[in-house]
Structure formats: C-alpha cells, structure tokens
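Read through the structure below, which is laid out as structure tokens, and then see the notes.
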Amino acid sequence: MDATSDRKLDVEPVLAQARADIRALTPYAHATWDPALDRLHANELPWRALTDRSNAGLNRYPEPQPLVLLAALAKLYRVPVARILACRGSDEAIDLLVRAFCAAGQDAVLITPPTFGMYAVAARIQGAAVIEAPLEPQDEFRLDSHALLEKVTRSTRIIFLCSPNNPTGTLIPEPVIRQIAAATCPHALVVVDEAYGEFSAAASAARLIDELPNLVVLRTLSKAHGLAGVRLGSLIAHSGIVALLRRIIPPYALAQPTVEAALAALTDPQQTVTAQRITTLLHERENLRRTLPTLPCVLKVWPSEANFLLVAFHDSQSAFATLKSAGLMVRDVRQQPGLANALRITIGSPEQNARLLRALAG
Ligand SMILES: *Cc1c(COP(=O)(O)O)cnc(C)c1O
C-alpha cells in the first residue's frame, strides 16, 4: 500500500459532504518552514529561554505537521504518511471532524451508547444533532448494524464507532465496520476510534481505507504508549480528507515538547518496553477477569479487549466507596444506558490490582 493508491480511490463525493464554507476557506498562512534559513519572518526572539532544554528551541514556532513525526507515526500504524494527521490527542481529531463535516443546526452525528462521551460533546459544541443507535445490553453490548443503518438519515454526516468500545470493552468485527461504511459511502464518514487497539488482537480498520474513502481511523499515544500527558493522537484517512482537515487545524497545534517526547518514545528501546508492558497488562486483565466473578459482591464482568473491565456489582455504591477507602479511584459509569450498577475499572499495576481484589474481597 502506498500513497498512489489514494489517487485511484475517488474521495471527491466524500469531500463534497464537508461544510461548503470550510471547503471554500482560505487557511491561515503560517510562517514558511525552512530550517536551512535564519528565521527573521515570524517575530520570534533569537535567544532561547535559560530553562529551554529542547532540541529545536522553544523560542521558535514549531513545524506544523513535522515530517519526521508523521513518518514515525506512519511506520507505527503501517499506513502511508499522506494518510496521517497528527493532532492534540484524538480528542482534537474528533473536534476537527465534527467542525468540518457538520453544519450547525442542520447535520447530525450518530453514536452507539454506551460509548465515549466526547463524540456527543463535540457535536453539541458544534450545534450538530446527536442520533443514538444503542448497543445491545442484553447481548454483551453487540452492535446491531441493521438497527444502526435504519437510524441513519440524509443529514447524518459522521458515524462514530468505538472499537474496542469505551466503557464496555467490546470489539466491532471488521465485516460490520465494512458493511456500515459501504452502506453509507459517500454520504457519511465512518470514524473508527481505536484508542485501545493495542490491547486487542484484532487488526486495525485502517487497511479498509484502501476500499472505503469515507473511513477514518483514530489512534492515540495516550493509552498503550503511556503518553497521555504528551497529547498526541493520529487521524488516519484518505489523503484528501487529511488535506481538508489540515486547512482547519490550528497552525501550530503540536507543541515542540510534545513532538520531541513522542519521537523519543517511538524509538526502539521504548517500543520493546511498551510491547512488554502490554503483555503484562493483558495478563493482569485476564487474572482480574477470572478472579472478580468469584467475589460475592460482583454480579458480572464483561469480556474486554481494552485495558479496563466493565464490572457490575450487587451494590455498586458500596463497591465504589470500598475502593475509595482502599485509595483506588474507578470510573462511575452508572448514568450511561444499560450500565445501572456498573463501574469501569482500569487495569493497574500488579500491586494495584492485588489491592483492588483484597479490598473487594472485604
Ligand atoms: C481515552 C480515549 C480517547 C482520548 O484520546 P486522546 O488521544 O488522549 O485525546 C479517545 N477515544 C477513546 C474511546 C478514549 O477512551
């Protein structure tokens, strides 16, 4: 797969769904990037701050989409460089997609509750409607693609699919993603959020972009790579969609310390350690998944392909309080549909997980 494959795939009908004013927008012309020349064109100071330990110098505006970083991300996710947009976390990618494709008071996004809260928040900030196609609580939160497609209307511009899903941990099978994207192409984007992809055995949906130009995949360094504080996410899409979104991303979205921290972490000694840590985490997840159901306070543990478990308790209020007194914060997800007595528990270190089991065993 290379960038030339994008030319064979007709993205124009997909881009035609974007807001007309965004398509016509003249982007902000940021200062030209040419490291070979001295910079007297961006009103920066020629001296570094005394505390500046960066490679490039924090007195300089950063390169907008640094080529070395895009290359490292493209290698990590095994996609062509032209298909990557580096963002301030996948949260920014979600925001850019909604802003580019949803006209306020007119268009809609479709979500599958219970799911990640940012899709609906980004839509509401933009003034887009939120359509819900709930997962099946009676069927391990399976996605019914037939029911979902029935909810799609002419104003549905984006369908957000989270796989593995937060907070249920469930995976959406690739044939289901393909079916939904094929049925809605070119009228809606199908955005597959793979924030937890590294904890699952399933292949990334990014390879489907070769056949489906309306497919967008989100990845992040925040979870498996241990870099939530760095704020770096990747949007993977047909290069035409990436080019459109580059017009509206703020001109210097990626701070220089973010770029340097991400590049350092994507080198080999760290990548080997990251792979080992994922293995440790999966082992811990399996141990908790087997042990939690043996505790009298636990009603149900759902299978998970992510680094957390969704756990239902006989008395979730008391379980929450017990864990808090053991010094452990878990996520209260009880207000979400179908999760009346459930808590979302992140897999911690072996010590933290042992403490969690001891506390719940009472
Ligand atoms: C944590 C999470 C994100 C946020 O990713 P950032 O890259 O940190 O912004 C995105 N999607 C889902 C489903 C998440 O759980």
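For Pro303, the criteria (1) touching a Leu at 6+ places or on another chain (Cβ under 6 Å); (2) in a loop (DSSP other than H, G, I, E, B) hold in every case but one, which is (1).
Considering only residues in segment 220-237 that are assigned to a loop (DSSP other than H, G, I, E, B) and aliphatic (A, V, I, L, M), the one that is farthest from the ligand (Cβ to nearest atom) turns out to be Ala224.
The set of residues in segment 170-185 being out of contact with any Asp or Glu (no Cβ under 6 Å at 6 or more places or on another chain), within 16 Å of the ligand (Cβ to nearest atom) and touching a residue at least 60 places away in the same chain (Cβ under 8 Å) consists of Thr170 alone.
Checked across segment 149-168, the condition of being touching a Lys or Arg at 6+ places or on another chain (Cβ under 6 Å), surrounded by fewer than 24 Cβ atoms within 10 Å (Cβ to Cβ) and assigned to a helix (DSSP H, G or I) holds for no residue.
Against the conditions (1) over 18 Å from Ile236 (Cα atoms); (2) within 16 Å of the ligand (Cβ to nearest atom); (3) out of contact with any strand residue (DSSP E or B) (no Cβ under 8 Å at 6 or more places or on another chain); (4) not in a loop (DSSP other than H, G, I, E, B), where does Pro114 fall short? Just the number, please. All conditions are met except number (4).
Against the definition (out of contact with any Gly (no Cβ under 9 Å at 6 or more places or on another chain), surrounded by fewer than 16 Cβ atoms within 10 Å (Cβ to Cβ) and not in a helix (DSSP H, G or I)), how does Pro337 come out, yes or no?
Working: out of contact with any Gly (no Cβ under 9 Å at 6 or more places or on another chain): yes; surrounded by fewer than 16 Cβ atoms within 10 Å (Cβ to Cβ): yes; not in a helix (DSSP H, G or I): yes.
For Pro337, the condition - out of contact with any Gly (no Cβ under 9 Å at 6 or more places or on another chain), surrounded by fewer than 16 Cβ atoms within 10 Å (Cβ to Cβ) and not in a helix (DSSP H, G or I) - is met.
Scanning segment 186-219 for residues that are open to solvent by 10 Å² or more (accessible area, probe 1.4 Å), without any contact (Cβ under 8 Å) to a residue 60 or more places away in the chain and not in a loop (DSSP other than H, G, I, E, B) yields one hit, Gly197.
The set of residues from segment 78-91 being over 13 Å from Val230 (Cα atoms) and either open to solvent by less than 20 Å² (accessible area, probe 1.4 Å) or assigned to a loop (DSSP other than H, G, I, E, B) (or both) comprises Arg78, Val79, Pro80, Arg83, Ile84, Leu85.
The values are calculated or read from the model by the stated rules, or taken from the named source; none is laboratory data. Every value quoted in this text rests on a predicted model; they were computed, and no experiment measured them. So basically every Cβ, Gly included, is an ideal-geometry build from the backbone, and we count neighbours across all protein chains shown. To get the accessible areas, we keep the full protein, side chains included, count just its heavy atoms, and leave off ligands, DNA and RNA. Shrake-Rupley method; radii C 1.70, N 1.55, O 1.52, S 1.80 Å.
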